[in-house]
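Q: Handing you a structure now.
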Amino acid sequence: MKQRKELNVNGKIYEVFVEPWRTLLEVLREELHLTGAKMGCDDGNCGACTVVIDGKAIKGCLMLVPQAKGKKILTIEGLGSGENLHPLQQAFIDHFAVQCGFCTPGMIMSAKALLDEKPDATEEEIRSGLQGNICRCTGYVKIVEAVEAARDKLAQKSNPL
Amino acid sequence: MSSNKFPTPTSVVGKSVPRVDALDKVLGRAQFTADLQRNFPGLFHIKVLRSPHAHARIVKLDTSQAGKLPGVRAVVTGKDCPEKVSFRAPRILALEEVIWAGEGVAAVAAESPEIAQEAIELIQVEYEKLPAVFDAEEAMQPNPPAIVDRLLGQYRGSPQFTPEAPNVTGHFKLRAGDVEKGFAEADIILENRFSTSRISHSQLEPASCIVRAESDGGIITWTNGQGVYVIKGLISDLFGLAVGKVRVINPYQGGSFGSRLRHYVEPLATLLALKARGTVQFTYSRQEMYLAASTRLPVVTYIKTGAKKDGTIVAQQMKIIVDNGASYAAIQDGRMAASGAVCVYRIANFFMDSYGVNTNTPWAGAYRGLGTPQVAWAVECQMDMLAENLGMSPIELRRKNVLRRGEKNAYGEIIESIGVMDCLEKVAQEIKLEEPCVQEPGPWRKGKGVAMGGKQNTPRGHSEAEVLVHEDGTVEVLYSADEQGMGSETVMAQIAAEEFRIPMGQVRVRRGDTAITPYDTFSASSFTTYNTGNALRMACQDAMRQILQAATQKMEAPLDDLALVNGKIIVKGSPGMALADLFEPFSIFTPQGGASLKKGTPVRGRGVFAPTPAIPWDPQTGLTPKMWNWYQYNACGVELVVNIETGEIKILQGVFAADMGFPINPKMCEGQIEGGFGMAIGASIMEEYIYENGLMTNCSYGDYRIPTFREMPLRRNVKAIFSPDPLPEGPWGAKGIGEGTMIAVAPAIANAVYNAIGIRIKDLPLSAERVLRRIKEKEKNDQDFLHN
Ligand code: FES
Ligand code: FES
């Protein structure tokens with residue numbers, strides 16, 4: 001039966017009234033109308049639904065709403081705005097790391113969690129860190145390029161000389 | 001085609017300007033079909049009951065329990081479907097027999113996906129299993145073990161249908177020169193058989209649509225299917241709806257690669273929307289994307305090549321068998337696939353038969369290259385084998401036989417634009433093909449290989465485009481081709497910006513709504529830049545002419561002395577005037593009609609482009625001066641390692657050269673190359689359908705593995721090279737690129753594997769399992785040889 005749940009998404013507290021077996025992805029999309037996270041497989045194998053929860057990249061289709069209780073959820077909608085893009089978002093544009101764009105929000109969120117944890121991630125680390133995110137369009141080359149560019153940009157910011 | 005007068009070097013076209021859709025996509029704001037569901041409270045959700053059997057008679061089908069479940073709005077079976085069938089879509093639901101494991105038997109629309117699923121499970125169905133045929137070579141025989149589609153001949157009215165070969169959907173013959181004589185002159189004859197597996201497009205966004213039944217009997221469809229007008233035509237035709245009451249809208253599409261060219265969700269959703277008299281949504285699960293969406297045509301190719309000692313190919317005979325699966329949709333004679341063998345080499349004596357065949361397997365259709373990569377797989381492995389037999393370098397052999405511009409191919413077409421040999425030379429140089437690989441101790445063996453190929457462009461359909469030029473100089477571009485990720489919106493914006501000499505930021509693209517944007521077919525055969533791009537140039541020039549016409553009076557100058565550049569009318573030898581000043585304000589005291597331009601009223605330019613039609617070929621010989629339109633070409637070189645203990649292959653380096661004509665946006669062309677290369681790695685070494693009694697058993701991303709970051713070489717080891725041979729009638733000389741980028745990869749990989757371990761593998765994929773099996777076989781043979 002439906003239950004009242006609180007979710008902390010992009011710094012805002014939302015109250016939803018949903019069945020406890022709903023996935024976080026469903027609730028983000030259907031109840032909160034945050035459709036940036038996409039459903040590509042619904043079984044944890046594509047990464048299109050990735051959001052960042054307490055600093056970790058998590059597949060929204062694998063988490064049930066009760067499991068998100070008390071956690072800070074960041075979705076692509078909370079990452080940057082049109083005027084104020086996150087360096088990853090800017091790098092994805094600049095380096096043509098976007099084609100159809102269906103993998104993009106999940107890819108950026110995974111990369112965000114990765115760079116937060118390993119600000120100096122090497123290409124190898126980026127490749128293994130993002131291997132749970134599938135892209136069928138780009139062959140990944142420009143995605144790696146974009147993540148490396150964002151990494152360098154972020155390093156400059158935190159260490160302005 | 002003439003461009004803007006007073007030509008200046010291009011300012012936007014040919015430049016890697018950022019994609020116009022990128023900002024929305026990185027913000028998570030770009031709308032895909034399923035994202036729109038939130039706009040429809042009270043939406044019904046569709047689920048389908050699918051057959052577990054590859055071929056069976058439906059003895060009993062009882063949906064009464066499902067219909068009674070609270071929350072269920074409508075239940076349909078094959079009996080509720082329109083009798084009409086269309087080439088554009090597979091049958092909506094099975095009628096008397098199911099013909100592949102995964103075919104839909106019944107469908108439910110309910111208030112929630114869970115209720116719909118529960119209802120599906122309440123449907124009772126009894127099957128009587130029938131013999132099935134899975135192998136195309138078996139299926140094409142007279143008296144096959146099963147007839148896949150009993151109605152094939154009947155409803156297709158196919159002239160090529162014969163009761164003697166009831167699973168053969170078509171047969172194309174090419175008879176050029178005298179092949180007997182050619183083989184008689186040959187010093188060496190080489191015969192081989194090659195095959196490719198069934199693979200899935202696996203585009204990331206599942207097929208999805210929303211259909212709203214309107215109160216006047218019409219419908220509105222939001223869909224990620226390709227070709228809004230094609231869908232409009234299909235739906236109105238299937239359901240007998242007034243064409244003017246069917247509206248189709250196309251949000252962004254999350255990849256397609258040909259998958260969305262046939263429409264497998266819209267017809268069923270329409271059926272249920274009409275029955276439910278409401279709005280329904282139908283989104284395939286990932287499993288359904290494998291079982292009941294399009295797949296790539298598996299192809300078996302027999303090839304026999306005769307050559308002189310100096311490498312000149314004097315005769316070639318081929319038999320190409322294209323497995324359509326249980327397709328009601330893709331009636332084919334294999335002609336498209338077979339074109340891959342005709343467009344690269346000069347072969348005067350060419351005898352070729354291609355067949356389309358139905359089997360009781362998931363249906364197949366267009367897939368990045370429409371069969372040409374599967375046939376090039378055979379041709380390009382054969383070329384390397386021939387080179388080895390002749391003791392020649394693979395480059396030299398290809399150089400000797402490649403078609404050159406102005407020459408005729410085996411159809412009899414004169415080739416206008418062909419950059420294929422340049423592509424190969426560049427690739428071979430870059431990968432240092434002549435330098436042997438340095439082997440390291442351990443189980444990994446290094447090898448290099450190359451291959452090349454071409455893809456025809458089908459002269460299909462016609463494209464329209466419109467521009468609205470506003471008084472402030474901003475331009476709206478209206479068109480209906482697809483945006484499945486390849487960047488058509490950006491290319492169109494670039495073309496308009498170039499024609500009007502305005503910055504990209506002043507162009508807004510509006511796309512894919514049959515009530516707003518003008519006719520187009522769909523984005524296929526890599527023709528969007530060429531077809532729609534040409535139409536758009538005409539639309540820009542049409543608007544420009546109207547504006548300059550209006551300016552002739554104001555400026556008191558003849559039309560020929562005027563040009564529109566970046567919002568200004570320029571007259572030869574004068575300072576000119578602002579575009580805005582041409583638009584007159586009006587009130588009830590001024591003439592409000594008339595020819596002058598009015599404030600608030602954009603100038604509407606219109607362009608229509610249709611490719612020059614093909615010239616019908618002689619059905620007995622396949623000969624014609626024009627079968628296709630133009631060809632894109634490419635070559636690939638790879639360096640890889642093979643693990644002789646596990647059979648695993650790792651691609652270390654990939655170099656890819658493309659002749660796509662003039663690149664309108666070089667970075668996006670690079671993106672097509674890298675994306676095609678990645679996809680082809682999957683097709684070459686990883687992907688295949690695995691079945692049990694015809695039922696696919698690996699239908700998830702977890703089990704049907706597609707390339708991840710791990711399978712791609714390091715980014716500095718992937719290189720894209722442009723080697724364009726511009727096409728005079730393409731926009732600024734552009735051709736197309738999307739499909740060609742897969743063709744040369746698989747044979748380059750197989751040639752490199754041979755180079756590494758001396759084993760020639762003729763069946764795709766080169767999975768670790770298959771490679772290891774072949775290594776073990778070879779070891780055993782070598783030992784047997786030693787012991788004897
Ligand atoms: S939708 Fe969650 S991993 Fe694919
Ligand atoms: S851009 Fe299409 S799946 Fe990544």
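Q: To the nearest whole number, what is the average tally of beta carbon atoms from other chains within 10 Å of the beta carbons of peptide B:703-709?
A: For this peptide, the per-residue mean of nearby foreign Cβ atoms is 6.
Q: Quote the Stokes-Einstein diffusion coefficient, in whole µm² s⁻¹, for the stretch B:220-270, based on the Kirkwood radius over alpha carbon pairs, a temperature of 20 °C and a viscosity of 1.002 mPa s.
A: For these conditions, the coefficient is 194 µm²/s.
Q: Using helices alone, what [θ] at 222 nm do you get for chain B, with -39,500 (n - 2.57) per DSSP H run of 4 or more residues, divided over all residues and rounded to the nearest 500?
A: Counting only the DSSP helices, I get -7500 deg cm²/dmol.
Q: Another question about this same structure. What percent of all Cα-Cα pairs in the stretch A:3-78 falls in each 10 Å bin, counting up from 0?
A: Reading the bins upward from 0: 22, 61, 17.
Q: Here's a follow-up. Could you tell me how far the Cα centroid of the stretch B:686-736 sits from the Cα centroid of the stretch A:84-161, in Å?
A: 21
Q: A further question follows. Could you list B:MET742, B:MET686 in order of exposure, starting from the residue whose Cβ has the fewest other Cβ atoms within 10 Å?
A: So the residues, fewest neighbours to most, are B:MET686, B:MET742.
Q: Taking amide H atoms as placed 1.01 Å from N in the peptide plane, list the residues 5 or more away in sequence, or in a different chain, whose amide H sits under 5 Å from that of B:THR295.
A: B:ALA364, B:GLY365
Q: For the stretch B:313-409, what is the Kirkwood estimate of the hydrodynamic radius, computed as the reciprocal of the mean inverse distance between distinct Cα atoms, to one decimal in Å?
A: 14.6
Q: Further question: Take chain B, drop everything but the C-alpha atoms, weight them equally and run the Debye formula without solvent; then report log10 I(q)/I(0) at 0.04, 0.06, 0.09 Å⁻¹ to two decimals.
A: -0.18, -0.41, -0.89
Q: Tell me whether the stretch B:450-503 comes out rounded, prolate or oblate; compute the Cα gyration tensor, take square roots of the eigenvalues as a ≥ b ≥ c, and use a/c under 1.5 as the rounded threshold.
A: Note, shape of the stretch B:450-503 comes out prolate.
Q: Would you mind giving the mean number of other chain beta-carbons within 10 Å of the Cβ of each residue in A:32-42, as a whole number?
A: Per residue, the average neighbour count from other chains is 6.
Q: So what are the ³J(HN,Hα) numbers for the stretch B:71-87, from phi and the Karplus equation (6.51, -1.76, 1.60; θ = phi - 60°), rounded to whole Hz, Gly and Pro as x?
A: Values, residue by residue: x, 7, 9, 7, 10, 9, 10, x, 5, 8, 7, x, 5, 4, 10, 10, 4 Hz.
Q: Could you work out the mean projected area of the convex hull around the alpha carbons of the stretch A:56-128, in square nanometres to one decimal?
A: Answer in nm², one decimal: 6.0.
Q: In whole Å and largest first, what semi-axes does the C-alpha gyration tensor of the stretch B:666-732 yield when each eigenvalue is scaled by 5 and square-rooted?
A: Ellipsoid semi-axes (Å, largest first): 33, 17, 9.
Q: Right, something else. Per DSSP helix of 4 or more residues, -39500 (n - 2.57); summed, then divided by the residues of chain A. What does that give at 222 nm, rounded to the nearest 500?
A: About -9000 deg cm²/dmol.
Q: Distance between Cα centroids, the stretch B:416-468 to the stretch B:89-139: provide it in whole Å.
A: Centre-to-centre (Cα) distance: 41 Å.
Q: Using just the alpha carbons, could you tell me how many Å³ per residue the convex hull of the stretch B:201-332 encloses?
A: In the stretch B:201-332, the Cα hull volume divided by residue count equals 150 Å³.
Q: Among all stretches of chain A without exposed trypsin sites (Lys or Arg not before Pro) (DSSP loop, at most 13 other Cβ atoms within 10 Å), which one is longest?
A: Maximal segment without exposed cleavage sites: A:70-161.
Q: With no solvent and one equal point scatterer per Cα, compute the Debye intensity ratio I(q)/I(0) for the stretch B:727-781 at 0.13, 0.16 Å⁻¹ and report its log10, rounded to two decimals.
A: Here the Debye-derived log intensity ratios amount to -0.48, -0.58.
Q: While we're on this one: For B:656-669, what's the mean count of beta carbons from other chains sitting within 10 Å of each residue's beta carbon?
A: If you average over the peptide's residues, the count of other-chain Cβ atoms is 1.
Q: In addition: Hey, what D do you get for the stretch A:21-161 in µm²/s if you plug the Kirkwood alpha-carbon radius into Stokes-Einstein at 25 °C and 0.890 mPa s?
A: Translational D for this selection: 162 µm²/s.
Q: Give the order of B:SER285, B:SER480, B:SER393, A:SER158 when sorted by the count of other beta carbons within 10 angstrom, beginning with the fewest.
A: The fewest-first ordering by Cβ neighbours comes to A:SER158, B:SER393, B:SER285, B:SER480.
Q: How do B:LEU564, B:LEU241 line up, fewest other C-beta atoms within 10 Å first?
A: B:LEU241, B:LEU564
Q: Past the 13 angstrom mark, what percentage of all C-alpha to C-alpha distances in the stretch B:635-692 do you count?
A: Distances greater than 13 Å cover 70 percent of the Cα pairs.
Q: Decide, for the stretch B:460-609, between rounded, prolate and oblate: order the square roots of the alpha carbon gyration tensor eigenvalues as a ≥ b ≥ c, take rounded if a/c falls under 1.5, and otherwise choose prolate if a/b is larger than b/c, else oblate.
A: Since a/c reaches 1.5 and a/b is larger than b/c, the shape of the stretch B:460-609 is classed as prolate.
Q: Now for a separate question. Counting only C-alpha contacts under 8 Å and six or more residues apart, can you give the relative contact order of the stretch B:664-765 as a whole percent?
A: About 40 percent, as a whole number.
Q: How long is the stretch A:87-158 along each principal axis, judged by its Cα atoms, biggest number first, in Å?
A: 32, 23, 17
Q: Can I ask one more? Rule-of-thumb check for the protein assembly as shown: C-alpha Rg over 2.2 N^0.38 Å?
A: Rounded to two decimals, the normalised Rg is 0.96.
Q: If you keep only loop residues by DSSP, which chymotrypsin sites (Phe, Trp or Tyr not before Pro) in the stretch B:569-664 have at most 14 other Cβ atoms within 10 Å of their Cβ?
A: Qualifying residues, ordered by number: B:PHE589.
Computed from the coordinates by the stated procedures, all read-outs in this text should not be read as laboratory data. Remember, it's a predicted structure, so these values are computed and weren't measured experimentally. Methodologically, a virtual Cβ is constructed for each residue, glycine included, from the backbone with ideal geometry; neighbour enumeration extends over all protein chains shown.
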